[in-house]
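Okay, structure first, notes after.
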Amino acid sequence: MNLFSKDKELIFKIVNGIFLIWFIAAVVLTANSAIDLIVKDNVPTYQEYRQTEIKNYPVNDKLSEVEMENMYNQQYASRDVQALKSMLIGMANIVIVGGTIYVLNKKK
């Protein structure tokens, strides 16, 4: 399968170039998401988060425990889910773009 042969029209060469760049980007993003999923960052406990976050707010602007816990959950609880979702989206991109490149360039 030759993506840029002399026999192909210019439009097919341009489309193949775009799909090739898209494919490479999808592979890189999928690898990055897989690394994020495997190598976990240190996540502070709720108590550590609360102690550091309370210092960031003025005395007059007190946060309730429920608001503080919601902030903690929004920031740290869904990290694994987001990393897995990003990896699956990247894998879908690889399959779709790779399949498209294959179908456009297979010999008849």
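Structure above, values below:
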read-out	value
Residues that are in a helix (DSSP H, G or I) and closer than 20 Å to residue 69 by Cβ, drawn from region 26-50	46, 47, 48, 49, 50
Yes/no for residue 41 being loosely packed, with under 10 Cβ neighbours inside 10 Å and charged (D, E, K, R)	yes
Among (1) surrounded by fewer than 11 Cβ atoms within 10 Å (Cβ to Cβ); (2) over 14 Å from residue 98 (Cβ atoms), the one test that residue 1 misses	(2)
Close pairs from region 79-108: first more than 12 Å from residue 23 (Cβ to Cβ), partner of a type in the set (D, E, K, R), Cβ under 6 Å, at least 6 apart	83/36
Residue list for region 1-32, restricted to those being modelled with pLDDT under 90 and among the small types (Gly, Ala, Ser)	5
Pick from region 82-108, criterion β-branched (Val, Ile, Thr) and under 12 Å from residue 33 (Cβ atoms), ranking: surrounded by the most Cβ atoms within 10 Å (Cβ to Cβ)	94
Some residue of region 64-71 being of a type in the set (S, T, N, Q) and either in contact with a Leu (Cβ under 7 Å, 6 or more places away or on another chain) or without any contact (Cβ under 8 Å) to a residue 40 or more places away in the chain (or both)	yes
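The values are calculated or read from the model by the stated rules, or taken from the named source; none is laboratory data. Quick caveat, the model's predicted, so the values are computed rather than measured. Quick reminder, even Gly has a Cβ in these numbers, built from the backbone with ideal geometry, and neighbours come from all protein chains shown.
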